[in-house]
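Computed from the coordinates by the stated procedures, all read-outs in this text should not be read as laboratory data. Being a predicted model, the structure only gives us computed values, none of them experimental. Quick reminder, even Gly has a Cβ in these numbers, built from the backbone with ideal geometry, and neighbours come from all protein chains shown.
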Amino acid sequence: MADEPLVLGIETSCDETGVGIVRGTTLLADAVASSVDEHARFGGVVPEVASRAHLEAMVPTIERALKEAGVSAKDLDGIAVTAGPGLAGALLVGVSAAKAYAYALGKPLYGVNHLASHICVDQLEHGPLPEPTMALLVSGGHSSLLLAPDITSDVRPLGATIDDAAGEAFDKIARVLNLGFPGGPVIDRLAKEGDPSAIAFPRGLTGPRDPAYDFSFSGLKTAVARWIEAKRNAGEDVPVRDVAASFQEAVVDVLTRKAIRACKDEGVGHLMIGGGVAANSRLRALAQERCDDAGIVLRVPRPKLCTDNGAMVAALGAEMVKRNRPASAWDLSADSSLPVTDPHVPGVVDEHGDHGHEHGDGGEGHGHDHGDGHGDGRGAHSHGHGHGHDHDHVHELSKDNLYS
Ligand code: KG4
Ligand code: ZN
């Protein structure tokens, strides 16, 4: 185990400041500072509040993680950070912090994808991921079915939501029911005391001519809201527990059905479920039941590793080190809409075919010349990728101005 890479991971894509430390697939520390209470009264995450909270929590959370792991920063083999997708300003705090630590300590920097990290985290619980892995990724911002032959370099989307993400649907229904934010955990709790078959809510995109692996939760959301409104207009009490249970059942029924179909169609014998909604107790139970029936091995990390944390970023970073993936260049940018097909952001390859800096070169090496035409404010990932999505891009600190 001692020769496995020791990596610190930083996660700031939303409202959790997460710092995790792993050695290979072994979890050593998982420190999380959440600003969720500061957002609750607004009914959703306020980006500026989240960014400020990350800034305040960053150094103490890193120190707490190092202490918890009982390691010294100088022994790290790399520093990984969520480069996207997520809230632009929030990501920027994590990327800037990771650069500062990596540069000052002379360690390689790995900008990694938040979504791939939600999958890779399962290695900390159940050991190395089978290849390929079928992953159902369900969070507050994403719902996708992904086939990952190699989580560090090859992640293929089979389908995704065409409107709301699964977690977003939980949050919106909780809001209609005046249950506060975030909605997932409280609906999960109330649903345990309700009847999931009390109300027949629609199962989106499950018709014979609908796309097999895409999801839609917006019709369900509207149906639930209308049902509640009708009750209220009639002056009747809303049976909150039955609504929660029936709504939740509609979501997890579709998620598990499509995930298992994808496994069967692709001939993959394992299903991994990741992201905040994977903490849902009914999703976990129904997935287990249906996987058992289909002879598929289910892997879901424990709930604390499903919601946003730094350990998942460290887990993917450690895999990058292990597989000799190139480190990120010092001009690594935060990319709020980084596509799931980019598990990591390697950085600019210069005319010698080298990357901005190398593994274990003491952080100096042959630093990239930032005045050589790369200074277009788009940073590393725009070079050689060409996934022409239109995103609000955040220009980043470079090695040259890091300390100025
Ligand atoms: O992955 P995550 O922590 O952050 C994002 O990357 O979005 O996911 C947050 C989402 C929220 O929408 C939250 O309501 C949902 O995950 N969530 C749950 C549960 N715990 C968190 N949804 C259903 N059941 C839960 N137990
Ligand atoms: Zn997440």
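Each stretch of four or more DSSP H residues adds -39500 (n - 2.57); spread over every residue of the chain, this sum gives -11500 deg cm²/dmol at 222 nm.
From least to most packed, judged by other beta carbons within 10 angstrom and beginning with the fewest, 4, 236 follow the order 236, 4.
Peptides 65-71, 226-232, ordered by how many other C-beta atoms sit within 10 Å of their residues on average, highest first, read 65-71, 226-232. Normalising by residue count, the chain has a Cα convex hull of 141 Å³ per residue. Counting every other Cβ atom within 10 Å of each residue's Cβ, 37, 3 order from fewest to most as 3, 37. Taking only the alpha carbons of region 160-214, we obtain Rg and Dmax values of 13.2, 37 Å in that order. With N the number of residues in region 1-98, Rg(Cα) / (2.2 N^0.38 Å) evaluates to 1.10.
For region 216-337, the average shadow cast by the Cα convex hull is 11.3 nm², which is a quarter of the hull's surface.
When Rg and the Kirkwood radius Rh are both evaluated on Cα atoms of region 61-160, their ratio Rg/Rh stands at 1.00.
Shape annotation for region 174-259: C-alpha extents along the principal axes are 39, 26, 23 Å, from largest to smallest. With N counted as the residues of region 113-187, its alpha-carbon radius of gyration over 2.2 N^0.38 Å works out to 1.28. Using a cutoff of 8 angstrom between alpha carbon atoms and counting only pairs six or more residues apart, the relative contact order for the chain works out to 23 percent. Using C-alpha pairs under 8 Å with a sequence gap of at least 6, the mean separation divided by the residue count of region 1-151 gives a relative contact order of 22 percent.
Listing 299, 282 from fewest to most neighbouring C-beta atoms within 10 Å gives 282, 299. As a length-normalised measure over Cα pairs under 8 Å and 6 or more apart, the relative contact order of region 149-278 settles at 31 percent. Working from the pairwise distances between different alpha carbons, so that the mean of 1/r is found and then inverted, what is region 276-315's Kirkwood radius in Å? Averaging 1/r across every pair of different Cα atoms and inverting gives 11.0 Å. Report for the chain the percent antiparallel among DSSP-assigned beta bridges with both residues inside it, nearest 5. Percentage antiparallel, nearest 5: 65. Counted over region 284-343 with a bin width of 5 Å, the fraction of Cα pairs per bin, in whole percents, is 4, 12, 14, 19, 16, 15, 11, 5, 3, 1. The alpha carbon convex hull volume per residue for region 31-71 rounds to 56 Å³.
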